[in-house]
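> I have a structure here, written as C-alpha cells, and I will follow up with some questions on it.
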Amino acid sequence: MAIEKGDFIRIAYTGRFEDGQVFDTTSEELAKENGIFNPRGMYGGDVVIVGSGHTIKGLDEDFIGKEVGYTGSLEIPPEKAFGVHNPALVESISITKVAAQLKDTRPYPGMEVEVDGKKGVVQKIIGRRLRVDFNHSLSGRTVTYEYTIEKKLDEPVEKAKGLLSLYTGASNMDMEITDDMIRIIIPIEFSFNQRWLISKGRIAHELIENLGIPNLEFVEKYPYVTKNPEADAEEPATSEEGESEE
C-alpha cells in the first residue's frame, strides 16, 4: 500500500552535499567513517509522521506514493532543504550581548552564539562588534538524500514509542493506550531535560491528532525507596531518649 500523509514510517537515510560529503545519517558506521558520530545520537533509523515536518520539505514530500521497502535518492534544492540564505538574517551586534556566553573566551569566526533566543554563528569581529549569521548553518546548500522506507507502523503503542524516540532519544518508555487515553510514564530524569520540556506539548498534540485518541497523560512515576533499618539503628538518640531517669 502506498505511503500517505499522516502515516508513521521508519526510515534509514544519508544526506550528502554536492561534493559527496556526508553531513547526516542514521548509520552509526557511516557517521564514524565521516567524522560526524554523536555518542548521544540515535542510530538505526528514525520514525516520522509523513507530512508533519519531521524532516526537510523535499524529503517529506518524496515519501508520498512510495511503498514500504522503497530505496532511492533525490537531489533537494535549498528552498526545500534548509532554506535559501537570507542576508537580512546576518546582523551586527555588540559584543556585550554575548559577554556571559564568552566568559573567559575571546570571540572567533565560526563560534556559535545565542542572542535573544536565536542561535547564530560569528562571521567576523570588528572592534567591539560581531557580525553574526542567524541563518540555518546549511542554508543555501543543495543536498542529496538516499533513503529507505523500512516499515510502516500500525500499532498505537509502536507509533507512540517511535515518535517519543524521535523527539527525546528514549526508545522504550512505559505506556498504556486505550480507546480514550494515552498514558505515558516519564522517567524522573526528564524533569530536568530541556529537550523534553520544550517538546512535550508538541508530542502530546501530534499523538492525540494522529492516533485519534482524545486524552493524553504524562505521568511522573517515583520509585518507593525503603528506609535502611541499619541506618535507623545508627541514628543518634533524641534529647528525651538520652536523658537518664532521676
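> Give the long-range amide H neighbours of residue 217: residues separated by 5 or more places, or on another chain, with amide H under 5 Å away, using H modelled in the peptide plane at 1.01 Å from N.
The list, which skips near neighbours in sequence, is 182, 183, 184.
> A further question on this structure: I'd like the distance separating the alpha-carbon centroids of the stretch 85-121 and the stretch 171-225, in whole Å.
Here the answer is 35 Å between Cα centres.
> Would you work out the relative contact order for the stretch 7-134, in percent, from Cα pairs under 8 angstrom that are 6 or more residues apart? Let's see the in-between values first.
Numbers: 156 pairs, mean separation 19.9, N = 128.
Relative contact order, the stretch 7-134: 16 percent.
> I'd like the Karplus ³J(HN,Hα) series for the stretch 161-174: coefficients 6.51, -1.76, 1.60, θ = phi - 60°, whole numbers in Hz, and an x wherever there's a Gly or Pro.
Once rounded to whole Hz, the list reads 5, x, 5, 4, 5, 4, 7, 10, x, 8, 9, 8, 6, 6.
> Using only alpha-carbon positions, what ratio does the radius of gyration of the stretch 1-114 give when scaled by 2.2 N^0.38 Å?
Normalised by 2.2 N^0.38 Å, the Cα Rg of the stretch 1-114 equals 1.39.
> Around residue 143, which amide H atoms from residues at least 5 apart in sequence, or from another chain, sit under 5 Å from its own amide H, with H modelled in the peptide plane?
Amide H neighbours of residue 143: 76.
> Sticking with this one: Sort 152-161, 173-182 for me by packing, meaning the mean count of neighbouring Cβ atoms within 10 Å per residue, highest on top. All intermediate terms of the calculation are to be shown ahead of the outcome.
Values: 152-161: 16.3, 173-182: 13.6.
Order by mean packing, descending: 152-161, 173-182.
> Could you derive backbone 3J(HN,Hα) for the stretch 133-149 from the dihedral phi with the Karplus parameters 6.51, -1.76 and 1.60 (θ = phi - 60°), listing whole Hz in sequence and x where the residue is Gly or Pro?
9, 9, 5, 4, 4, 9, 4, x, 9, 7, 10, 10, 10, 9, 8, 10, 8
> A further question follows. Given contacts defined as C-alpha pairs under 8 Å and at least six residues apart, what's the relative contact order of the chain, whole-number percent?
It rounds to 20 percent for the chain.
> Given the options 70, 108, 43, which has the most mean-square fluctuation in a GNM of the chain, springs set between C-alpha atoms less than 10 angstrom apart?
108
> Could you compute Rg(Cα) / (2.2 N^0.38 Å) for the stretch 49-133, with N its residue count?
On the way: Rg = 18.9 Å, N = 85, 2.2 N^0.38 = 11.9 Å.
Its radius of gyration relative to the 2.2 N^0.38 Å reference: 1.59.
> Measure of size requested: the Rg and Dmax of the stretch 104-144, with Cα atoms as the atom set and Å as the unit; please supply both.
In order Rg, Dmax, the Cα atoms of the stretch 104-144 give 11.8, 40 Å.
> Now for a separate question. Using the Karplus equation 6.51 cos²θ - 1.76 cosθ + 1.60 (θ = phi - 60°), what ³J(HN,Hα) coupling, rounded to whole Hz, does each residue of the stretch 60-76 give in order, writing x for Gly and Pro?
Here the 3J(HN,Hα) series is 4, 5, 6, 5, 5, x, 7, 10, 4, x, 4, 10, x, 9, 8, 8, 10 Hz.
> Between residue 25 and residues 5 or more places away or on another chain, which pairs have amide H atoms under 5 Å apart, with H built 1.01 Å from N, and which residues are they?
15
> Hey, can you find the accessible area per residue of the chain for me, probe 1.4 Å, expressed in square angstrom?
63
> log₁₀ I(q)/I(0) of the stretch 12-59 at q = 0.14, 0.17, 0.29, 0.30 Å⁻¹, via Debye over equal Cα point scatterers, no solvent, to two decimals?
For the requested q values the scattering log ratios are -0.38, -0.54, -1.13, -1.15.
> What nm distance separates the two modelled labels at residue 128 and residue 155, each placed 7 Å from Cα along Cα→Cβ?
6.3
> Treating the angle as unsigned and between 0 and 90°, give the value, to the nearest 10°, between the Cα long axis of helix 194-211 and the longest Cα principal axis of the chain.
70
> In µm²/s, what is D for the chain at 4 °C and 1.567 mPa s, where D = kT/(6 pi eta Rh) by Stokes-Einstein and Rh is the Kirkwood radius from Cα pairs?
The diffusion coefficient I find is 59 µm²/s.
> Ok, one more. Starting from the Cα of residue 73, step 7 Å toward the Cβ, then list every residue of the stretch 141-170 with an amide N under 19 Å from that point.
Taking a point 7 Å out along Cα→Cβ of residue 73, the residues of the stretch 141-170 whose backbone N falls under 19 Å are 141-150.
> Once you put a point 7 Å from the Cα of residue 220 and another 7 Å from the Cα of residue 33, both along the Cβ direction, what distance in nm separates them?
For the pair residue 220/residue 33, the computed spacing is 4.5 nm.
> Something else about it: Among 58-65, 198-205, how do they line up from the highest to the lowest mean number of other beta-carbon atoms within 10 Å?
Values: 58-65: 16.8, 198-205: 13.9.
Most protected by this proxy first, the peptides run 58-65, 198-205.
The values are calculated or read from the model by the stated rules, or taken from the named source; none is laboratory data. Owing to the predicted nature of the structure, the values given are computational and were not obtained by experimental measurement. Counting neighbours? That spans all protein chains shown, and the Cβs are built from the backbone with ideal geometry, glycine included. Keep in mind that these areas ignore ligands, DNA and RNA; they rest on the heavy atoms of the full protein, side chains included. Shrake-Rupley method; radii C 1.70, N 1.55, O 1.52, S 1.80 Å.
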